[in-house]
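This report concerns only the one structure given below.
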């Protein structure tokens with residue numbers, strides 16, 4: 001009976017040693033740009049650790065085959081602490097005391113913290129601990145425990161930016177082509193005179209164009225464009241004033257002659273209003289004046305101001321070239337030119353659809369704009385809208401063919417959008433290089 005009792009007692013002793021695990025709580029595993037911090041609380045009061053034993057708690061971070069061991073914490077029973085102190089004293093270290101990551105049983109909460117370098121493999125990292133009971137002849141590794149799981153490393157991604165976009169208005173255009181419809185003015189005058197320079201015939205053509213648009217119920221006027229010019233023979237400031245007011249004179253004439261249409265100045269848009277150097281060059285090229293090439297060379301010189309151009313031309317052939325130009329060429333430059341009428345056609349339903357889709361894009365409703373526009377994908381005028389709606393959803397690869405098609409159709413806004421996407425591609429490549437260099441630090 002005594003023999004059986006002894007075997008049972010030994011078995012109970014081993015059971016105490018095996019279950020003498022210290023309680024661990026509040027485990028945490030966090031990361032910043034460079035490191036991982038592991039922390040947890042070790043409750044040295046909540047343990048059955050025998051006095052002659054110590055418990056070694058070894059934390060480690062692992063993900064698959066990758067493992068990184070951290071500093072171990074040791075919890076001493078008082079008997080074990082005294083024994084190791086005696087052993088160190090015998091070996092010459094009489095001042096030995098517990099150091100970092102070492103504590104005594106019954107000392108309350110020991111707050112553990114260890115910081116290690118962040119590694120790329122820690123995308124899904126687990127925090128485990130391995131326990132070992134040390135003392136006498138009964139050292140024993142206990143079963144590993146998994147305390148926590150976290151994503152500590154995140155591969156940085158290039159986030160596509162939304163570029164600025166340009167929208168193209170879809171409108172019809174009543175254009176006079178080669179017939180410039182110039183209303184010519186007398187020197188330094190802004191008053192319209194229908195009796196000179198064939199102005200009366202030109203007035204008839206202009207008013208006829210307005211009548212054609214307004215007599216068609218399917219057309220809606222957007223803008224009437226008028227350009228005013230002055231010949232370069234006077235002072236620049238005065239010539240600018242002349243150009244603008246000559247355009248206004250033509251605008252007022254049209255309003256007065258067609259009151260039935262309810263036109264106001266808001267229906268018109270004035271262009272240029274400057275000295276007509278471009279017009280002078282064009283008229284000279286078409287003329288048979290023998291000095292024209294010399295004059296054109298002066299006009300084309302970007303390093304000569306407008307006033308200096310006048311002086312240089314005025315000095316040619318003792319002023320006879322200038323006089324000839326005043327008599328034969330400059331009268332054609334004192335004009336108000338009727339350029340074009342822009343209008344919408346109510347019969348052309350696509351105009352309304354484009355305007356509606358453009359409105360959705362302006363409101364940031366890019367997917368709705370795409371869903372509307374794609375129904376009319378066979379009409380080339382819709383290509384730009386489809387391209388912009390995709391571009392604003394960061395679908396650059398899908399957007400580019402539509403924008404290229406729009407550019408082929410002559411859409412100026414398409415090129416601006418293509419340039420914007422190209423700039424974003426270049427930015428993405430730079431960001432990828434930055435990320436590659438960044439990731440090398442964490443291999």
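Derivation of every value follows stated rules applied to the coordinates shown; laboratory data play no part. Treat the numbers as computed from the prediction; the structure is a model and nothing was measured. Because the Cβ atoms are built from the backbone with ideal geometry, glycine has one as well, and the counts that use them run over all protein chains shown.
Return the residue satisfying two criteria in turn: it lies in region 304-320 and is free of Cβ contacts under 8 Å to residues at least 40 places away in the same chain and under 22 Å from residue 237 (Cβ atoms), and of such residues it is surrounded by the most Cβ atoms within 10 Å (Cβ to Cβ). Before you say what the answer is, go through the steps one by one.
Kept after step one, since they are free of Cβ contacts under 8 Å to residues at least 40 places away in the same chain, are these residues of region 304-320: 304-305, 308, 311-320.
Keeping just the survivors that are under 22 Å from residue 237 (Cβ atoms) gives 304-305, 308, 311-314.
Working: 304: 15, 305: 10, 308: 12, 311: 12, 312: 16, 313: 20, 314: 14.
Applying the filter and picking the extreme gives 313.
Is it true that some residue in region 74-95 is buried (at least 17 other Cβ atoms within 10 Å of the Cβ), within 22 Å of residue 116 (Cβ to Cβ) and either without any contact (Cβ under 8 Å) to a residue 12 or more places away in the chain or in contact with a helix residue (DSSP H, G or I) (Cβ under 7 Å, 6 or more places away or on another chain) (or both)? Within region 74-95 (the criterion being buried (at least 17 other Cβ atoms within 10 Å of the Cβ), within 22 Å of residue 116 (Cβ to Cβ) and either without any contact (Cβ under 8 Å) to a residue 12 or more places away in the chain or in contact with a helix residue (DSSP H, G or I) (Cβ under 7 Å, 6 or more places away or on another chain) (or both)), the answer is no, since none of the residues qualifies.
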